[in-house]
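A.B. asks: The structure's right below; bear with me while I get my questions together.
The values are calculated or read from the model by the stated rules, or taken from the named source; none is laboratory data. All figures in this text were calculated on a predicted structure; none of them were measured in a lab. For neighbour counting, all protein chains shown are included, and Cβ atoms are generated from backbone atoms with ideal geometry for every residue, glycine included.
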Ligand code: APR
Ligand code: ZN
């Protein structure tokens with residue numbers, strides 16, 4: 001049984017300089033010990049995939065792209081105890097070892113034994129093959145495929161009432177944004193906040209800030225459309241980014257925000273971040289820049305004004321704890337996650353979705369594999 005393979009359609013990147021994907025059939029092995037096969041029902045199109053397609057980050061090729069997925073458990077390998085066939089799950093893309101000091105200390109995102117960044121399952125292999133040999137699921141997920149195989153602990157059960165398209169976002173952009181606010185910045189009610197970048201991650205930060213009771217919540221972007229989305233997600237002010245940003249934020253917050261977030265991954269806006277916070281404030285770095293680009297930060301201002309710089313990786317999430325909390329807040333009407341999805345597409349339209357992202361045109365595209373995987377809202381932005 002273990003050697004059985006099935007043919008699965010997936011969006012594959014071969015490293016071409018145009019950064020385009022082809023949808024092709026690959027072979028997927030049966031789940032090994034401790035693994036499950038998930039029938040993917042929805043997969044988000046995330047900024048991190050674009051970093052790879054645009055050559056900013058190197059990954060093993062050919063790569064099955066996508067890392068933001070929700071679906072249904074379809075097959076379970078030997079030894080799996082916590083999941084049943086038919087369970088609805090959200091996938092965690094950082095497949096931590098579960099045993100080291102970081103994992104047991106509540107920081108699984110810091111586990112250095114995880115092989116997710118090398119597109120490998122925890123045992124150092126992949127379950128994917130094409131005619132020439134192994135293929136590599138991006139971040140050990142490869143969400144843009146009809147089915148995937150992941151370790152049992154990376155598939156987090158979720159309330160069945162959460163639509164799959166919304167659930168997929170919890171696995172990356174929404175989880176990252178929520179975690180940046182709740183776990184990394186520990187925002188409390190009444191604090192002022194600014195968020196640079198109103199894409200899928202930035203809007204999730206805005207929504208989580210509203211949930212936490214922050215005010216004002218100032219969203220910054222370079223496109224008017226994104227700013228409109230930010231106001232709908234809970235921002236109290238929307239500001240076009242530029243040279244005068246620090247002065248505008250200072251005016252709106254009487255001397256600087258308590259907490260500022262960068263959710264783009266541009267070294268220029270990351271360097272600007274400490275200038276937006278008041279003395280004693282926190283600057284949280286969520287966006288991931290290209291490899292090897294240093295930041296320029298005013299050291300005197302940083303030390304003298306006692307500012308804190310916080311690196312945020314995967315929102316400091318503990319997926320098995322935080323994914324269900326996010327789902328609960330959504331089901332209670334406290335997190336407007338439907339509004340974060342701008343466009344639902346088929347897997348064959350994936351290149352259009354990345355092109356729209358490069359042009360700053362869409363909030364979040366989500367690939368849906370069946371019509372009933374989608375919630376109800378449909379917007380063209
Ligand atoms: N100033 C303000 N906003 C900007 C600027 C700028 N100079 N340049 C781009 N933006 C905006 C874009 O208009 C877009 O709305 O930043 C947003 C980026 O959003 P997406 O491309 O949708 O990316 P997202 O998926 O949100 O990811 C953001 O977080 O996890 C990381 O790897 C991810 O680095 C990426 C970042
Ligand atoms: Zn992502």
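A.B. asks: Regarding the stretch 11-18, can at least one residue be identified that is in the same structural domain as residue 92 (by TED's automatic domain parsing) and closer than 21 Å to residue 74 by Cα?
C.D. replies: First, pick out the residues of the stretch 11-18 that are in the same structural domain as residue 92 (by TED's automatic domain parsing): 11-18.
In the following step, the residues that additionally are closer than 21 Å to residue 74 by Cα were identified as 11.
Yes: the stretch 11-18 contains one or more residues that are in the same structural domain as residue 92 (by TED's automatic domain parsing) and closer than 21 Å to residue 74 by Cα.
A.B. asks: Same structure again: Can you name the residue in the stretch 55-88 that is closer than 21 Å to residue 156 by Cα and within 16 Å of ligand 1 (Cβ to nearest atom) and, of all such residues, is surrounded by the fewest Cβ atoms within 10 Å (Cβ to Cβ)?
C.D. replies: This residue is 67.
A.B. asks: When you go through 124, 142, 175, 171 one by one, which is the residue that is on the phi > 0 side of the Ramachandran plot and in contact with a strand residue (DSSP E or B) (Cβ under 9 Å, 6 or more places away or on another chain)?
C.D. replies: Going through 124, 142, 175, 171 in turn, just one is on the phi > 0 side of the Ramachandran plot and in contact with a strand residue (DSSP E or B) (Cβ under 9 Å, 6 or more places away or on another chain): 142.
A.B. asks: Right, another one. List the strands (runs of 3 or more DSSP E) inside the stretch 138-215, counting only whole elements, that have at least 2 residues being within 13 Å of ligand 1 (Cβ to nearest atom), outside the structural domain of residue 49 (by TED's automatic domain parsing) and within 18 Å of the chain's Cα centre (by Cα).
C.D. replies: Per the criteria, 193-196.
A.B. asks: Taking the condition closer than 23 Å to residue 169 by Cα and modelled with pLDDT of 95 or more, does residue 246 pass? Write out each step before concluding.
C.D. replies: Details: closer than 23 Å to residue 169 by Cα: no; modelled with pLDDT of 95 or more: yes.
Criteria not met by residue 246.
This table checks each residue for (1) closer than 18 Å to residue 125 by Cα; (2) in contact with a strand residue (DSSP E or B) (Cβ under 8 Å, 6 or more places away or on another chain).
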{"residue": "18", "(1), (2)": "no, no"}
{"residue": "28", "(1), (2)": "yes, yes"}
{"residue": "41", "(1), (2)": "no, yes"}
{"residue": "47", "(1), (2)": "no, no"}
{"residue": "53", "(1), (2)": "no, yes"}
{"residue": "60", "(1), (2)": "yes, yes"}
{"residue": "69", "(1), (2)": "no, yes"}
{"residue": "73", "(1), (2)": "no, yes"}
{"residue": "83", "(1), (2)": "no, yes"}
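A.B. asks: Report, by residue number, each residue of the stretch 275-291 that is in contact with a helix residue (DSSP H, G or I) (Cβ under 6 Å, 6 or more places away or on another chain) and more than 16 Å from ligand 2 (Cβ to nearest atom).
C.D. replies: Once the filter is applied, which keeps residues that are in contact with a helix residue (DSSP H, G or I) (Cβ under 6 Å, 6 or more places away or on another chain) and more than 16 Å from ligand 2 (Cβ to nearest atom), the stretch 275-291 yields 275, 276, 283, 284.
A.B. asks: Would you mind stating whether residue 264 is surrounded by 18 or more Cβ atoms within 10 Å (Cβ to Cβ) and part of a loop (DSSP other than H, G, I, E, B)?
C.D. replies: Considered against the rule, which asks whether it is surrounded by 18 or more Cβ atoms within 10 Å (Cβ to Cβ) and part of a loop (DSSP other than H, G, I, E, B), residue 264 comes out as yes.
A.B. asks: Another question, if that's okay. Determine, yes or no, whether residue 103 is modelled with pLDDT under 95 and either surrounded by 24 or more Cβ atoms within 10 Å (Cβ to Cβ) or closer than 26 Å to residue 204 by Cβ (or both).
C.D. replies: Yes.
A.B. asks: Being in contact with a strand residue (DSSP E or B) (Cβ under 6 Å, 6 or more places away or on another chain) and either without any contact (Cβ under 8 Å) to a residue 24 or more places away in the chain or more than 10 Å from ligand 1 (Cβ to nearest atom) (or both) is the filter here; which residues of the stretch 216-233 pass it?
C.D. replies: Listed by number, the residues that qualify are 216, 217, 218, 231.
A.B. asks: Considering the stretch 200-225 alone, what residues qualify as being farther than 24 Å from residue 332 by Cα and surrounded by fewer than 24 Cβ atoms within 10 Å (Cβ to Cβ)?
C.D. replies: 222, 223, 224, 225
A.B. asks: Follow-up. Within 16 Å of ligand 2 (Cβ to nearest atom) and surrounded by 24 or more Cβ atoms within 10 Å (Cβ to Cβ) - does that describe any residue in the stretch 241-261?
C.D. replies: Going residue by residue through the stretch 241-261, those that are within 16 Å of ligand 2 (Cβ to nearest atom) are 261.
Right, trim to surrounded by 24 or more Cβ atoms within 10 Å (Cβ to Cβ) and you get 261.
Looking through the stretch 241-261, at least one residue is within 16 Å of ligand 2 (Cβ to nearest atom) and surrounded by 24 or more Cβ atoms within 10 Å (Cβ to Cβ).
A.B. asks: Residue 52 passes all but one of (1) more than 11 Å from ligand 1 (Cβ to nearest atom); (2) within 13 Å of residue 139 (Cα to Cα); which number fails?
C.D. replies: Residue 52 satisfies every listed condition except (1).
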